[in-house]
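The values are calculated or read from the model by the stated rules, or taken from the named source; none is laboratory data. This is a predicted model, so every value here is computed, not measured. Counting neighbours? That spans all protein chains shown, and the Cβs are built from the backbone with ideal geometry, glycine included.
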Amino acid sequence: MLFDTHTHFDDRQFNPDRHEIIRSLPEYGVGLALCPGCDIKSSRNCVALAEEYDHIYAAVGTHPHDAKSMTDEDLREYEALASHPKVKAIGEIGLDYHYDFSPRDVQKFRFVQQMKLAKKVGLPVIIHDREAHGDCLEIVKKFPDIKGVYHCYSGSLEDAKVLVGMGWYLSFTGVITYPNARKALEIIEWMPMDRIMIETDSPYLAPVPQRGKRNDSRFVGLVRDKIAQVKGISVEEAERITTENGKRFFSID
Ligand code: NI
């Protein structure tokens with residue numbers, strides 16, 4: 001059974017067929033999927049999907065893109081939602097200096113606030129870090145009691161070693177199937193197998209040969225295949241271990 005640990009089923013690109021796809025996942029071998037929120041509305045929608053489907057779990061939080069529209073009221077609602085039995089993390093939160101959709105000081109302020117919330121409610125975090133590696137790691141290091149995962153990991157091998165040393169996980173998307181993925185593959189080669197999670201980040205980042213099309217959780221097996229190939233293990237073993245990792249990380253029985 002596969003676990004897609006990061007998928008945006010609340011995204012409007014799924015409006016025509018969201019429920020059909022979610023219902024069909026077990027037929028495609030995908031037994032679990034986790035939907036992280038991007039803002040308050042998206043977080044509520046992810047929780048609603050998790051309530052509707054046994055195999056869907058949720059995280060709540062504001063993405064760095066939306067930091068500028070986040071309010072303290074949102075933070076209080078995230079705290080209330082965090083006690084929901086199907087909310088398993090705070091995320092996705094972090095920094096994005098590639099797009100800079102929100103001013104960097106605002107991104108940092110809301111990121112730190114949500115790290116503090118994670119500590120308060122005792123949940124792990126899902127980190128989005130794009131071209132902000134130094135600042136992101138600096139903030140993460142200030143919260144030694146918090147465990148987290150860097151989703152769609154794009155940092156260095158050196159930072160990966162620091163994060164794994166802190167007990168953190170790294171998660172990989174279809175990007176590792178692209179021809180220019182050499183750095184990520186080197187990191188996977190080094191990674192202890194028990195710290196790797198797989199995800200689609202759908203509807204984005206469709207793996208080869210779906211690249212360029214809308215992505216969804218049914219394609220997470222292509223990420224598993226690449227992990228198996230790089231680690232030199234069987235597809236079955238890669239699937240078993242990455243699913244165990246996801247269940248352990250998100251405290252799912
Ligand atoms: Ni995402």
Looking at region 94-129 only, could you name the residues that are charged (D, E, K, R) and either part of a loop (DSSP other than H, G, I, E, B) or at pLDDT below 95 (or both)? ASP100
Pick from region 152-195 the residues that are surrounded by 14 or more Cβ atoms within 10 Å (Cβ to Cβ), in contact (Cβ under 8 Å) with a residue 40 or more places away in the chain and assigned to a helix (DSSP H, G or I): which of them is farthest from the ligand (Cβ to nearest atom)? MET193
Going by the structure shown, is LYS213 loosely packed, with under 14 Cβ neighbours inside 10 Å, more than 18 Å from the chain's Cα centre (by Cα) and in a loop (DSSP other than H, G, I, E, B)? yes
State which residue pairs qualify: first residue without any contact (Cβ under 8 Å) to a residue 40 or more places away in the chain and inside region 196-208, second residue aromatic (Phe, Trp, Tyr) and not in a loop (DSSP other than H, G, I, E, B) in any location, beta carbons under 6 Å apart, and separation of 6 or more residues or different chains. PRO207/PHE219
VAL60: buried (at least 21 other Cβ atoms within 10 Å of the Cβ), free of Cβ contacts under 8 Å to residues at least 60 places away in the same chain, in contact with a Phe, Trp or Tyr (Cβ under 9 Å, 6 or more places away or on another chain) and among the hydrophobic types (A, V, I, L, M, F, W, C), yes or no? yes
Output for region 8-28, where each listed residue is within 16 Å of the ligand (Cβ to nearest atom) and either within 18 Å of the chain's Cα centre (by Cα) or surrounded by 18 or more Cβ atoms within 10 Å (Cβ to Cβ) (or both): HIS8, PHE9, ASP10, ASP11, PHE14
Here the qualifying pairs (Cβ atoms under 7 Å; residues six or more apart or on different chains; first in region 1-17 and over 19 Å from VAL60 (Cα atoms); second within 14 Å of the ligand (Cβ to nearest atom) and not in a loop (DSSP other than H, G, I, E, B)) come out as LEU2/VAL220
